[in-house]
Amino acid sequence: MGGALSWGRRLGCVVAAALAALVHAAPDASAHASRAAVSCTGSNTISFSPGLSLAAQRTRIGGSGAYSCVSTDPALRSATSSISGGGRNGCFFSDATTVERITWNTGERTTVVYRMGNVQQVAGQAVVLVVGRVTKGKFTGRTVASPGLQATLDPLKCASKGGVDLITGPSALVIV
């Protein structure tokens with residue numbers, strides 16, 4: 001229980017840091033004041049092919065997400081997403097571009113491209129912070145942060161031949 005609580009606190013710190021960085025980086029907060037901001041929590045499941053290992057290598061990324069949301073637009077309450085991409089990834093290094101295609105409960109869609117990211121394996125658990133930009137659909141041009149903590153079911157897999165091919169766990173989606 002103490003380990004889970006500690007991870008929850010760490011995720012909370014990651015989310016707070018991401019929000020602070022996003023607010024600070026927003027070029028003109030007054031330009032965004034009239035548009036809805038969204039904060040979602042949920043979970044992601046991400047697959048890597050080939051699996052993440054100690055040495056970084058070219059990998060394909062796929063996955064999905066499901067979120068419950070709070071927004072200044074009361075119609076937005078939830079979302080699902082599909083995730084795809086690739087780049088050089090390992091258990092201690094990530095240099096990838098990932099695309100998340102979000103479908104809101106209203107039927108509207110958003111495409112986010114994450115070009116900047118940090119995925120660290122800490123004690124076999126993936127601590128993820130990706131920052132991107134909405135390139136298409138609802139919220140085009142807005143900045144997005146998606147911090148999370150995806151659990152590796154077998155932390156020793158980083159050192160195994162097949163590597164870590166699947167991570168899953170809590171995640172957030174914050175659009176400012």
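The values are calculated or read from the model by the stated rules, or taken from the named source; none is laboratory data. Here the structure is a predicted model, which means the values were calculated and not measured. Glycine also receives a Cβ, built like all others from the backbone with ideal geometry; neighbour counts cover every protein chain displayed.
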Looking only at segment 137-176, filter to residues that are closer than 30 Å to Thr106 by Cβ and among the polar types (S, T, N, Q); which one of those is modelled with the lowest pLDDT? Gln150
Which of the residues that make up segment 154-176 are hydrophobic (A, V, I, L, M, F, W, C) and in contact (Cβ under 8 Å) with a residue 60 or more places away in the chain? Cys158, Ala159, Val164, Leu166, Ile167, Ala172, Leu173, Val174, Ile175, Val176
